[in-house]
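Below: the structure, in structure tokens.
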Amino acid sequence: MNRKLYHLQTKDYYSLLNLHKILLEAKFHPKPENESISGSPYIAELCQEAASLLLQSEKASDWEDWLQLKNRADYRQRAILQMKQCRQWQNALPETKKKLAENYLAPFLYTETELEEVINEVDQERSTSEQTSDIVYSKIETITDKTSFIEFLDLLAKDYVANPSEWENNTIPCFIEAMSSWITDFSETDFNDIDWEKPDYQTMAKILYMGKLYE
């Protein structure tokens with residue numbers, strides 16, 4: 001259904017400019033309260049309509065240059081980080097990825113080649129993130145002493161920085177509560193292979209790792 005979802009009406013250029021700034025702040029904030037805004041098709045269309053009006057204003061030539069994605073490396077990188085955290089991305093077909101990327105990149109202007117480059121970059125970063133998570137978990141089996149335990153802690157900290165979207169529990173209270181819940185639940189299962197009377201460095205590492213994702 002090809003119809004405008006919004007019909008913007010502004011009193012003057014500066015009202016439109018302020019609306020544009022508000023939309024960019026909401027859409028590209030590095031730590032949004034509502035993550036769905038960044039990739040929302042409705043917000044994307046609203047941003048595009050505001051940009052279209054700016055391109056019809058008395059300062060159209062300035063906006064034609066400013067809105068080029070190749071000139072906005074800061075917003076491009078923020079969009080890539082947001083796409084990397086998009087739950088739909090992993091199993092999406094190429095055409096769906098293209099549409100998702102268009103929503104995240106709105107209202108910026110780009111060529112098909114530039115769009116493909118963004119999509120490829122997201123895929124590569126997500127692949128690297130998955131490899132990092134595998135490395136972190138496999139490190140648990142190699143822990144035998146204090147040194148290897150500290151190396152694990154360092155990897156776990158880097159994993160949080162690199163892959164924040166994979167962490168179900170991303171605040172200290174949630175992280176600690178998840179560790180506590182995992183100890184309680186796992187110790188009562190048939191799969192329990194830990195001697196809870198004699199905890200070791202591997203056990204401590206496993207507890208910390210489960211704090212990342214245990215629900």
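Below, the figures for the structure above:
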quantity: Tabulated pairs, the range 134-158, first without any contact (Cβ under 8 Å) to a residue 12 or more places away in the chain, second part of a helix (DSSP H, G or I), C-beta under 8 angstrom, 6+ apart or interchain; calculated: 142/148
quantity: Matching residues in the range 16-53 - criterion: being at pLDDT 90 or above, of a type in the set (Ser, Thr, Tyr) and part of a helix (DSSP H, G or I); calculated: 42, 52
quantity: Unique residue being modelled with pLDDT under 85, over 30 Å from residue 82 (Cα atoms) and of a type outside the set (Lys, Arg) when the list is 168, 188, 215, 197; calculated: 197
quantity: Test: residue in the range 109-128 that is among the aromatic types (Phe, Trp, Tyr), under 21 Å from residue 165 (Cβ atoms) and surrounded by 18 or more Cβ atoms within 10 Å (Cβ to Cβ); calculated: no
quantity: Residue tally, condition within 11 Å of residue 103 (Cβ to Cβ) and open to solvent by less than 20 Å² (accessible area, probe 1.4 Å), over the range 17-39; calculated: 3
quantity: Matching residues, the range 80-104, being in a loop (DSSP other than H, G, I, E, B) and open to solvent by less than 50 Å² (accessible area, probe 1.4 Å); calculated: 86, 89, 92
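The values are calculated or read from the model by the stated rules, or taken from the named source; none is laboratory data. Everything quoted here is computed from the prediction, not taken from an experiment. Methodologically, a virtual Cβ is constructed for each residue, glycine included, from the backbone with ideal geometry; neighbour enumeration extends over all protein chains shown. Ligands, DNA and RNA are excluded from the accessible area calculation, which covers all protein heavy atoms including side chains. Shrake-Rupley method; radii C 1.70, N 1.55, O 1.52, S 1.80 Å.
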